Amino acid sequence: MLSTRPRQRGVTLVELMIAGVISLVALSAALTVYSATARHTTLQLRSAHLHQQVLGILYLVSRDLRRAGYWHFDPAQRSPADNPFQSSENRVRSGAFAGEPADSCILLGYDLDGDGLVGVGQCGQGECPPFSDDDNVEQFGYRLHHGAVQSRYAGTGLACDAGYWQALNDPDVRITRLRFGRRRHCINLLDRTAPCDDAAPQLVQRLVSVDIGARLEHDPDSEISLVQWIALRNDRLQAAEP
């Protein structure tokens, strides 16, 4: 009796080609989704980095501005009108570095260590001018320069183009705008219903606005803008002129 061998079954070439096409389509879809997800995540991280940089700068500037004009003194011995941190040199004032927009720099001072003296950090022992010391720096500033926000940390002369400055933002973040605005409200201490007069003592209350714009260095469409108003806690007392 003749016996027949069982026929072997397998995958044909056509079936292999169809399976390969299906696999390629699935892999392409997966790669597309992954690429889009990675690109979106990168954009989100860069945007978060940009916001973090700007908010960090605003925090530093607002912290110093709120303390501007603070002076630790004994009222039994000194008058508030003698506050050296409210003098024409050390009080809050704006300006600009050469070539930068107007009001893109702000200068201020406050009694950081509570010794009642203006720390300039640049004088030798026994050689400091009156109302100054050499153990710290208490004259501060912030300015726009070459697409960066810089802070003053030392040097002689409290000016927008004097002293030593360092950048606060990373190189991949460009500051496109920095402007400081100021408002003041003057109170006549002899007659609160009357306007301020140099013949009467005055109390000057102040507000400072910080308007900042920034973008990623290689992404012009990423620009953001923030504005913050800051109330100076230490009002300026101006004595009456004789």
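Looking only at segment 152-166, which residues are part of a strand (DSSP E or B) and not aromatic (Phe, Trp, Tyr)? Explain how you work it out, then say what you get.
Narrowing segment 152-166 to residues part of a strand (DSSP E or B): 152-154, 164-166.
Selection gives ARG152, ALA154, GLN166.
Could you please let me know if ALA76 is in a loop (DSSP other than H, G, I, E, B), over 21 Å from the mean Cα position of the chain (by Cα) and either modelled with pLDDT of 85 or more or not hydrophobic (A, V, I, L, M, F, W, C) (or both)? Working first, answer last.
Values: in a loop (DSSP other than H, G, I, E, B): yes; over 21 Å from the mean Cα position of the chain (by Cα): yes; either modelled with pLDDT of 85 or more or not hydrophobic (A, V, I, L, M, F, W, C) (or both): yes.
Yes: the conditions hold for ALA76.
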(message) Can you tell me which of (1) part of a helix (DSSP H, G or I); (2) surrounded by 14 or more Cβ atoms within 10 Å (Cβ to Cβ) is the one ALA26 doesn't meet?
(response) (2)
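Is it the case that some residue within segment 39-58 is over 30 Å from GLN228 (Cα atoms) and in a helix (DSSP H, G or I)? Talk me through it step by step, then tell me what you get.
The initial filter retains those residues of segment 39-58 that are over 30 Å from GLN228 (Cα atoms), namely 39.
Checking which are in a helix (DSSP H, G or I) leaves us with 39.
Yes, segment 39-58 contains at least one residue that is over 30 Å from GLN228 (Cα atoms) and in a helix (DSSP H, G or I).
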(request) Determine if segment 158-168 includes at least one residue that is at pLDDT 95 or above and either on the phi > 0 side of the Ramachandran plot or touching a helix residue (DSSP H, G or I) at 6+ places or on another chain (Cβ under 9 Å) (or both). (result) yes
(message) Please go through segment 176-227 and give me each residue that is surrounded by fewer than 14 Cβ atoms within 10 Å (Cβ to Cβ), more than 23 Å from PHE97 (Cα to Cα) and hydroxyl-bearing (Ser, Thr, Tyr), ordered by number.
(response) THR193
(request) Might you let me know whether segment 179-194 holds any residue that is in contact with a Ser or Thr (Cβ under 8 Å, 6 or more places away or on another chain) and β-branched (Val, Ile, Thr)? (result) no
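The values are calculated or read from the model by the stated rules, or taken from the named source; none is laboratory data. Computed from a prediction, not measured in an experiment: that's the story for all the values here. When we count neighbours, we look across all protein chains shown, and the Cβ atoms used for this are built from the backbone with ideal geometry, even at glycine.
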